[in-house]
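To start, the structure itself, in structure tokens.
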Amino acid sequence: MPIRPAQTADAERIGELLYQVHAVHAQARPDLYRAGARKYSDEEVRALIADENQPVFVYQDESGKVQGYAVCQFQVACGDVSLVDRKVLYLDDLCVDASQRGKKIGEQLYHYLLEFARAQGCHSLTLNVMHGNDGAERFYRRLGMTPLKTLLEQQL
């Protein structure tokens, strides 16, 4: 399978892809996201790759080039008076290179994450989709995701 855990050597390529996913957010919400920026620096990406509690996976094509990534976090609720104990895999960020979209790479990454989460004893896989990112919402709903909660805002 062309999906594997990310390695330190992948940090620069992941960084390039981070610009693409950030551009979608900046276009949808320029009041929140700076154009031309990205979520993590190369140093932060390397730290994520080294952190067992924040698994990072990449999709590598036949030539060895990373064409997509998924950054995750384990979230554990334990001993809370109102919440059931559970472990969740939170999908913090997923991106497929714009030139490779439509080739089912994102779908393969998603299904890989489901199997990984099951193997890790997770109750569910969760993620956030920014309002206005209709393509991402359609994508995840098509794969079986359903709404968990809605975050609302009133701008002042």
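The values are calculated or read from the model by the stated rules, or taken from the named source; none is laboratory data. Not measured: the values here are computed from a predicted model. Here the Cβ is made from the backbone with ideal geometry for all residues, glycine too, and neighbour counts use every protein chain on show.
Mind listing just one residue for me: the one in the stretch 126-140 that is surrounded by fewer than 16 Cβ atoms within 10 Å (Cβ to Cβ) and not hydrophobic (A, V, I, L, M, F, W, C) and, of those, nearest to A77 (Cα to Cα)?
From the stretch 126-140, those surrounded by fewer than 16 Cβ atoms within 10 Å (Cβ to Cβ) are 128, 130-132, 134-135, 137-138; that's our starting set.
Within this subset, residues satisfying the condition of being not hydrophobic (A, V, I, L, M, F, W, C) are 128, 131-132, 134-135, 137-138.
On the way: N128: 18, H131: 26, G132: 30, D134: 30, G135: 31, E137: 26, R138: 29 Å.
Here the residue is N128.
For the structure I just gave you, tell me whether D42 is acidic (D, E) and in contact (Cβ under 8 Å) with a residue 40 or more places away in the chain. Before the answer, list the steps.
On the way: acidic (D, E): yes; in contact (Cβ under 8 Å) with a residue 40 or more places away in the chain: no.
No; evaluated as a whole, the condition is false for this residue.
Tell me whether the stretch 120-138 contains one or more residues that are among the β-branched types (V, I, T), outside any strand (DSSP E or B), modelled with pLDDT of 95 or more and touching a helix residue (DSSP H, G or I) at 6+ places or on another chain (Cβ under 6 Å).
no
Does Q54 satisfy the condition of being surrounded by fewer than 19 Cβ atoms within 10 Å (Cβ to Cβ), assigned to a helix (DSSP H, G or I) and in contact with a strand residue (DSSP E or B) (Cβ under 9 Å, 6 or more places away or on another chain)?
no
Report, by residue number, each residue of the stretch 57-77 that is of a type in the set (A, V, I, L, M) and either within 14 Å of A9 (Cα to Cα) or crowded, with 21+ Cβ neighbours inside 10 Å (or both). Explain how you work it out, then say what you get.
Initially, the stretch 57-77 is screened for residues of a type in the set (A, V, I, L, M), giving 58, 66, 70-71, 76-77.
V58, V66, A70, V71, listed by residue number.
Return the only residue of D85, D93 being of a type in the set (D, E) and in contact (Cβ under 8 Å) with a residue 12 or more places away in the chain.
After ruling out the rest, the residue left standing is D93.
Listed residues H25, H111; which is surrounded by 15 or more Cβ atoms within 10 Å (Cβ to Cβ), part of a helix (DSSP H, G or I) and under 15 Å from the mean Cα position of the chain (by Cα)?
Sole residue among the options that is surrounded by 15 or more Cβ atoms within 10 Å (Cβ to Cβ), part of a helix (DSSP H, G or I) and under 15 Å from the mean Cα position of the chain (by Cα): H25.
Can you tell which of V96, V88 is under 20 Å from A11 (Cβ atoms) and touching a Leu at 6+ places or on another chain (Cβ under 9 Å)?
After applying the criteria, what remains is V96.
All but one of (1) touching a Ser or Thr at 6+ places or on another chain (Cβ under 9 Å); (2) assigned to a loop (DSSP other than H, G, I, E, B) hold for K103; state the number of the condition that does not hold.
Unmet condition: (1).
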